[in-house]
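The values are calculated or read from the model by the stated rules, or taken from the named source; none is laboratory data. For clarity, every value in this text was computed on a predicted model and none was experimentally measured. So basically every Cβ, Gly included, is an ideal-geometry build from the backbone, and we count neighbours across all protein chains shown. Remember, those area values only see protein heavy atoms, side chains included, never the ligands or the DNA or RNA. Shrake-Rupley method; radii C 1.70, N 1.55, O 1.52, S 1.80 Å.
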Amino acid sequence: MGQIRLVWFLFLCLLVHEGLAKGVLGLACNWGLQSTHPLPPNIVVRLLKDNGFNKVKLFEADTGALKALGRSGIQVMVGIPNDMLASLASAVGNAEAWVKQNVSYYISTHGTDIRSVAIGNEPFLHSYKDMFVRTTLPALENIQAALIKAGLGKQVKVTIPLNADVYQTDSGLPSGGNFRPELLDLMTKIIKFLQDNGGFITINIYPFLSLQADPSFPKEYAFFNNTASPLVDGSIVYTNVYDANFDTLISALEKNGFGRMPIVVGEVGWPTDGDPNGNIDNAKRFNQALISRIIQGQGSPKRRTPPDVYIFSLLDEDHKSTLPGNFERHWGVFKYDGSVKYPLDMGNGRALVPAKGVKYLAKQWCVMSPSASSSDPSTLAQSITYACENADCTSLGYGSSCGNLDAQSNASYAFNSYFQTMNQSKEACSFNNLATITNVDPSKPPCRFEIMIDTRKQKAARTPFKSSASKMEGIFAALVVVLGLVICGVH
């Protein structure tokens, strides 16, 4: 009997090791796909696993991503873009077709562990001017009905990712939180529906945007480890805007009878470029403290139980809209190619692991020719404008990593960005004979002239890992053998 206890003790040790060996337990992130040269999905899945992420949120039902995530041991939240809400709201049959194609198929055929469907993305933003107010709830109801019909009603939950602007506080304190008056009735119906169907609220919280939008916002209050003056709300003291924002939502839920409603933080992070406050130092400071909170299981003052938190984002995306700001293309913990931007302790001293198996275009750059004539500045300006309209020049902005280049280097950066985006086509480095191709890296730290991923030759990386389920099957098999030997008295 003592030997059997020993075997079970060893088994429990193996279970603990399975979690601790990765250095983290329960990290989640967003995987955006708005890139001109995206990493192959299999490489991204390996990047996720190598860095201890076991949950991922997709903004759309991308075929390559959902296939690659199959049998990976990673739980998936798959999103539905806002432009699909009207169609899904108009007929339950449309929702049934979407669920069949984008949920049922990947679960049954590829073993993708889809756990939830996110209906829309921040559909009630002020800037959308009620565009999705009438379609979001019907789309939610139809997707839920479709999941139930597909036999997935209990396995796959529904949610709506919301921006924090759906609630407010007139007192300036978290305890005064409530939903915007024009959304109160709708939000109450949505939350009641989610509650009745086992769903949850997903909220996006961005301390960076609070800082970026208000010149008078106290910068230190945007970070977790700070020297800011605290906000006192009765018996609760708030030392950072993240907790204050989260608890404003808790107060809003409590006021409307949903104090125990499950919450997931769908997006939170810090960009590394494109804005004076978007830089490596600030991003490292914010994200390291965020990850430490997640690992330690820290909640907020009003809700001590920690929510799932999806870090935004895994990778930079050079094709995202820059309407909110140039920083939109620089939220990644990793660069566009999966290389590490800055060091992070992912738990137990474990460092970030870069992507493996990435293929690049040739080591060549397009720069302004030293012999180019500057006698026609309008031609040069037009060339730079054309390059930046068709490629990513967001690092050239004020306060950004390439914001201090001289005029010639500024033009060279624009030319090279376009050249790389066009897969280094010779014709893409002409610009009215103002540019030339060079093999000498023109980078001027901290400004990097990148070389793009070669998506034409890129092969899907082999996945030299087994899923968690496969590993556990191996552990169980080994223990069965050992247990059999013990019982049979074999020494």
*Quick check: anything in the stretch 49-57 part of a helix (DSSP H, G or I) and either modelled with pLDDT of 95 or more or open to solvent by less than 30 Å² (accessible area, probe 1.4 Å) (or both)?*
yes
message = I'd like to check something: does the stretch 423-442 contain any residue that is buried (at least 16 other Cβ atoms within 10 Å of the Cβ), touching a Pro at 6+ places or on another chain (Cβ under 9 Å) and either closer than 26 Å to Ser321 by Cα or not assigned by the TED database to the domain that holds Thr322 (or both)?
response = yes
Reported set for the stretch 357-384 where residues are in a loop (DSSP other than H, G, I, E, B) and open to solvent by 80 Å² or more (accessible area, probe 1.4 Å) is Lys359, Lys363, Pro370, Ser371, Ser374, Ser375
If you go through Thr394, Thr379, Thr322, Thr385, the only one that is at pLDDT below 95 and of a type in the set (Val, Ile, Thr) is Thr379
- request: Please verify whether the stretch 138-155 includes one or more residues that are in contact with a Lys or Arg (Cβ under 8 Å, 6 or more places away or on another chain), free of Cβ contacts under 8 Å to residues at least 60 places away in the same chain, outside any helix (DSSP H, G or I) and open to solvent by 70 Å² or more (accessible area, probe 1.4 Å).
  value: yes
Asn225 vs. criteria open to solvent by 70 Å² or more (accessible area, probe 1.4 Å), closer than 29 Å to Phe327 by Cα and within 23 Å of the chain's Cα centre (by Cα):
yes
Exactly one of Asp243, Asp275 is charged (D, E, K, R), over 18 Å from Pro161 (Cβ atoms), in contact with a Ser or Thr (Cβ under 6 Å, 6 or more places away or on another chain) and open to solvent by less than 30 Å² (accessible area, probe 1.4 Å), and that residue is Asp243
- State whether one or more residues within the stretch 182-194 are open to solvent by 10 Å² or more (accessible area, probe 1.4 Å), under 26 Å from Glu328 (Cβ atoms) and either free of Cβ contacts under 8 Å to residues at least 24 places away in the same chain or assigned to a helix (DSSP H, G or I) (or both). no
Within the stretch 251-272, restricting to residues that are farther than 15 Å from Ser300 by Cβ and not charged (D, E, K, R), the one that is most open to solvent (accessible area, probe 1.4 Å) is Gly257
